[in-house]
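Data first, discussion second: the structure below is written as structure tokens.
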Amino acid sequence: MEKRLKVIVEKCPQNHPCPSVKICPVGALSQEGFQAPVVDHDKCIRCGKCAAFCPKMALVLESV
Ligand code: SF4
């Protein structure tokens, strides 16, 4: 089954540097200011590390 990382903006407090940006092994997450992170789907290898790390569960690896 295909997976795709989804950023649930409503769950992200958007008031701090996103810790998951540093966790991503391929640099697929980026953040502008304190906004919710953005995923580069071409770079993302769907490993789920960021989703497991985000304490707010704002990053979800969902089946598509
Ligand atoms: S699923 Fe893995 S590769 Fe994709 S953004 Fe998250 S940490 Fe990076």
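The values are calculated or read from the model by the stated rules, or taken from the named source; none is laboratory data. Because the structure is predicted, anything quoted here is derived from the model rather than measured. Glycine gets a Cβ as well: all are built from the backbone with ideal geometry, and neighbour counts include every protein chain shown.
Observations on the model:
- Within the stretch 34-64, being under 12 Å from Pro19 (Cβ atoms) and within 6 Å of the ligand (Cβ to nearest atom) holds for Lys49, Cys50.
- The residue of the stretch 10-42 that is surrounded by the fewest Cβ atoms within 10 Å (Cβ to Cβ), among those that are closer than 20 Å to Ser63 by Cβ and over 10 Å from the mean Cα position of the chain (by Cα), is Asp42.
- Test: Val38 is modelled with pLDDT of 95 or more and β-branched (Val, Ile, Thr): yes
- Contact annotation: residue pairs with Cβ atoms under 9 Å, 6 or more positions apart or on different chains, pairing a residue in the stretch 16-33 that is near the ligand (Cβ under 7 Å from one of its atoms) with a partner that is of a type in the set (Asp, Glu), are Val26/Asp40; Ala28/Asp40; Ala28/Asp42; Leu29/Asp40.
- Looking at Val64, Val21, Val60, just one residue is at pLDDT below 95 and of a type in the set (Val, Ile, Thr), and that residue is Val64.
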